[in-house]
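The next block holds one structure in the form of structure tokens; read it before the comments.
Taken together, the values in this text are just the output of simple stated rules run on the coordinates, not laboratory data. It should be emphasised that the depicted structure is a prediction, and the values quoted were computed from it without experimental measurement. Cβ placement follows ideal geometry from the backbone for every residue including glycine, while neighbour counts extend to all protein chains displayed.
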Amino acid sequence: MKALIQRVKHASVTVDGSTIGAIDHGLLALIGVETGDSEAEADKLLHKLLHYRVFSDDAGKMNHNLQQAEGGLLLVSQFTLAADTHKGLRPSFSSAAPPEEGQRLFHYLVDRARAAWPQVATGQFGADMQVALTNDGPVTFLLES
């Protein structure tokens with residue numbers, strides 16, 4: 001599994017004109033599920049999402065994690081993260097998990113995140129989503145499990 005994370009001051013997801021998920025200070029995580037991913041990869045990724053130190057301490061250094069910063073976590077499924085872009089000018093999605101498996105693992109990740117942290121919002125798997133954010137920094141990392 002992959003997560004493109006961005007430290008945000010605010011982020012939201014809109015579907016059909018309605019906001020379905022939003023956070024203030026925290027992390028927006030775009031989640032890509034690849035063929036062969038399992039619950040073990042989802043658990044590893046969640047550990048990184050909650051503990052990766054991307055928030056500033058009192059000295060201005062990135063030493064605090066999401067929980068220490070008391071931030072929100074917005075999880076948004078994004079199958080395009082699983083694209084193979086090594087050759088040609090059009091992405092290949094052969095490494096992306098089939099939709100049913102991607103949805104199952106994304107929902108597993110969401111359920112585990114909500115059990116571990118109270119400030120979790122989500123997008124809608126498979127929907128045409130509009131994601132808005134104010135990037136803080138900007139600070140962006142690609143995490144892989």
Seminar exercise, completed: Taking segment 1-30 and keeping residues surrounded by 24 or more Cβ atoms within 10 Å (Cβ to Cβ) and more than 19 Å from Gln67 (Cα to Cα) leaves Met1, Val13
Exercise. What is the number of the single condition among (1) under 15 Å from Ala113 (Cα atoms); (2) outside any strand (DSSP E or B); (3) β-branched (Val, Ile, Thr) that Thr80 does not meet?
Worked result: (1)
Exercise. Within the set of pairs 6 or more residues apart or between chains, which connect a residue that is among the polar types (S, T, N, Q) inside segment 20-39 to a residue that is crowded, with 17+ Cβ neighbours inside 10 Å and assigned to a loop (DSSP other than H, G, I, E, B) with Cβ atoms less than 7 Å apart?
Worked result: Thr35/Ala97
Exercise. Looking at (1) in a loop (DSSP other than H, G, I, E, B); (2) at positive phi, can you tell me which one Gly137 breaks?
Worked result: (1)
For this session: Please go through segment 14-68 and pick out each residue that is under 25 Å from Gln124 (Cβ atoms), within 16 Å of the chain's Cα centre (by Cα), of a type in the set (A, V, I, L, M, F, W, C) and not in a helix (DSSP H, G or I).
Result: Ile20, Ala22, Ile23, Leu27, Leu28, Ala29, Leu30, Ile31, Val33
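Okay, residues lined up against (1) surrounded by 15 or more Cβ atoms within 10 Å (Cβ to Cβ); (2) farther than 20 Å from Leu27 by Cβ:
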position: Ala40; (1), (2): no, yes
position: Lys61; (1), (2): no, no
position: Glu70; (1), (2): no, no
position: Thr85; (1), (2): no, yes
position: Gln103; (1), (2): yes, yes
position: Phe106; (1), (2): yes, no
position: Pro118; (1), (2): no, no
position: Gly137; (1), (2): no, no
position: Ser145; (1), (2): yes, no
Seminar exercise, completed: Within segment 76-124, the residues that are aromatic (Phe, Trp, Tyr) and in contact (Cβ under 8 Å) with a residue 60 or more places away in the chain are Phe106, Tyr108, Trp117
